[in-house]
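The values are calculated or read from the model by the stated rules, or taken from the named source; none is laboratory data. Computed from a predicted model, the values in this text were never measured in an experiment. We place every Cβ from the backbone using ideal geometry, glycine too, and count neighbours over all the protein chains shown. Surface areas here come from the heavy atoms of the whole protein model, side chains and all, with no ligands, DNA or RNA. Shrake-Rupley method; radii C 1.70, N 1.55, O 1.52, S 1.80 Å.
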Amino acid sequence: MTVDVVTPRIRGFICTNAHPEGCAAEVARQIAHVRRDPSEWPGGNLLVLGSSAGYGLATRIAGAFGYGMDSVGVFYERPATDARTATAGWYNTVAFTEAAKAAGLEALNLNGDAFSAEVLEAALDAVRRIGPLDYVVYSLAAPARTDPVTGETYRSVLKAVGQPVTMRTADMSTGVLGEITLEPATPEEIAGTVAVMGGADLERWTLALLREGLLAKGARVVAYSYIGPELTWPIYHHGTIGHAKADLERTCRRLDARLQEAVGGHCWVSVNKSMVTQAAAAIPSVPLYISFAYKVMKEHGVHEGTIEQIDRLFRDHLGPGREPRLDAEGRIRIDDLELRDDVQAAIEALWSQATSANVADLADIDEYQLAFRRLFGFDVPGVDYDRPVEIDRPMP
Ligand code: NAD
């Protein structure tokens, strides 16, 4: 038992601790957003890779409480020690699992490296317990991957491809604007990023599930991707990470053909909107862009957080009985509202006028910071942050 008053420890774009009750309150808010009466639940089985935070957490919540799906979640998080809190993803998963079990849903968890052979084997066993999967969602965001066959470790880098690029960026804790130059990546760095964030691991999981007969008839496998606005293309879409996402998309097209043939299923990419998450906070320029985008999208009445995005993904495209609308490249686009011409024109106008002196008025830096702190359970309404809390929360 370790009881403590927990206050945020933020260093640059990372927060090194988390508040268990704040995380639980955020999970409860997301559940309330999607919750349907159990009499309306069609049921089903869902596997989420990267289920403890961001888009993957919202996916698990939407599947469970919107549709009554039993789920297996795979994530890489740290429990509490005497000296420090657990990670936010740990507390999120504890809260999700308690709520799912209270609602009569199965929720099995695997904490470990999804790229390893051991975690894949353990996940296959967990899936055997809930039954063949109707949905598999791939939502990992990781800096490195060790190939389970060769033992080689690859690292993902955020660099330009071809030419150096200079981009506007900001210190999001002070709102001071600056510029960052990204050097062009070497061919090895591009290949490393593709090996981590491209399609190889999704293919390994999908083929293993298929081989073991763990994909139900009509199973839908979905991988999350990002394109973003042209403003960030030099750093993202045209950079090393964009190359990895292109590889992920090619892999999905191959797997789609394979799944159609094998189980009458599909593999699709869903392109999601820019979102404050732990992964996005680490990308230069993207947090600044997000603070303009959140402001403009609110003004246009089209702002969405992760749970609103994924709720719409299931309702409009993926949910039982739904057929997705695909773009010309065969992708689901839930970044449609963000990329609307009027929204992008408004963001670009603000972006081009911004200076350190006026950015606080033009962009929603406060909202960005608030959304960032909430990822770790801080500044969540209704939580008493002066009260000591038990930080050691065992996984149910
Ligand atoms: P996130 O940082 O919030 O979550 C990442 C998840 O991956 C966590 O559950 C973490 O535990 C898990 N994870 C990381 N390494 C792991 C490992 N080795 N083994 C097992 N689990 C591991 O990230 P996010 O922003 O929600 O990103 C998820 C996906 O969505 C990514 O593919 C990302 O490119 C995509 N996406 C993100 C955005 C955005 O703006 N945040 C936009 C569009 C698409």
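Assorted remarks:
- Computed [θ] at 222 nm, helices only, for the chain once each DSSP H run of length n ≥ 4 contributes -39500 (n - 2.57): -12000 deg cm²/dmol
- The residue list Ala24, Gln353, Ile10 was ranked by how far each Cα lies along the charge dipole of the chain toward its positive end, using unit charges on Cβ atoms, and Ala24 comes out on top.
- One Cα centroid belongs to segment 304-372, the other to segment 259-279; the line between them spans 17 Å.
- Relative contact order of the chain, pairs being alpha-carbon contacts under 8 Å that are 6 or more residues apart, as %: 22 percent
- In units of the compact-protein estimate 2.2 N^0.38 Å, segment 291-383 shows a Cα radius of gyration of 1.31.
- Remark: the chain carries a charge dipole of roughly 580 debye about the Cα centre, counting +1 on each Lys and Arg Cβ and -1 on each Asp and Glu Cβ.
- Divide the volume of the convex hull around the Cα atoms of segment 347-396 by the residue count and you get 144 Å³ per residue.
- For the chain, built as a Gaussian network whose Cα springs stay under 10 Å, the top-fluctuating residue of Val269, Val27, Val176: Val176
- The residues packed around Ser291, meaning those with a beta-carbon under 9 Å from its beta-carbon, carry a net charge of -2 if Lys and Arg are +1 and Asp and Glu are -1.
- Efficiency of FRET from Cβ geometry, Thr186 and Ala117, R₀ 35 Å, rounded to 0.05: 0.75
- Averaging Cα coordinates gives a centre for segment 55-88 and one for segment 203-252; these two points are 21 Å apart.
- Positive dipole terminus of the chain, leading residue within Ala371, Ser116, Asn92 (C-beta point charges): Ser116
- Protein heavy-atom surface of segment 1-46, 1.4 angstrom probe: 54% of the accessible area is carbon and sulfur, with nucleic acids and ligands not counted.
- By the equivalent-ellipsoid construction on the alpha carbon gyration tensor, segment 224-319 comes out with semi-axes of 27, 19, 9 Å, ordered largest to smallest.
- Note: relative contact order over segment 274-396, using C-alpha pairs below 8 Å and six or more positions apart, is 32 percent.
- Rg of the Cα atoms in the chain, relative to 2.2 N^0.38 Å, amounts to 0.96.
- Summing charges over neighbours of His303, with a neighbour being any other residue whose Cβ is under 11 Å away from its Cβ, gives -3 when K and R count +1 and D and E count -1.
- Within the shell of other residues whose beta carbon sits under 11 angstrom from the beta carbon of Ile190, the net charge comes to -2, with Lys and Arg scored +1 and Asp and Glu -1.
- Where labels lie 7 Å past Cα in the beta-carbon direction, separation of Asp384 and Trp233 in nm: 5.4 nm
- Cleavage-rule hits (trypsin sites (Lys or Arg not before Pro)) in segment 17-61: DSSP loop, at most 12 neighbouring Cβ within 10 angstrom: Arg36
- If you wrap the tightest convex hull around every Cα atom of segment 140-229 and split its volume per residue, you get 153 Å³.
- Once the C-beta distance of Ser356 and Lys298 is scaled by a Förster radius of 25 Å, the resulting FRET efficiency is 0.65 to the nearest 0.05.
- Each principal axis of the Cα cloud of segment 102-147 was taken in turn, and the coordinate range along them, longest first, works out to 36, 19, 19 Å.
- Binned Cα-Cα distance frequencies in segment 176-290 - 10 Å width, integer %: 13, 38, 29, 16, 4, 1
- Computing FRET efficiency as 1/(1 + (r/R0)^6) for Arg36 and Arg11, where r is the C-beta to C-beta distance and R0 is 41 Å, gives about 0.55.
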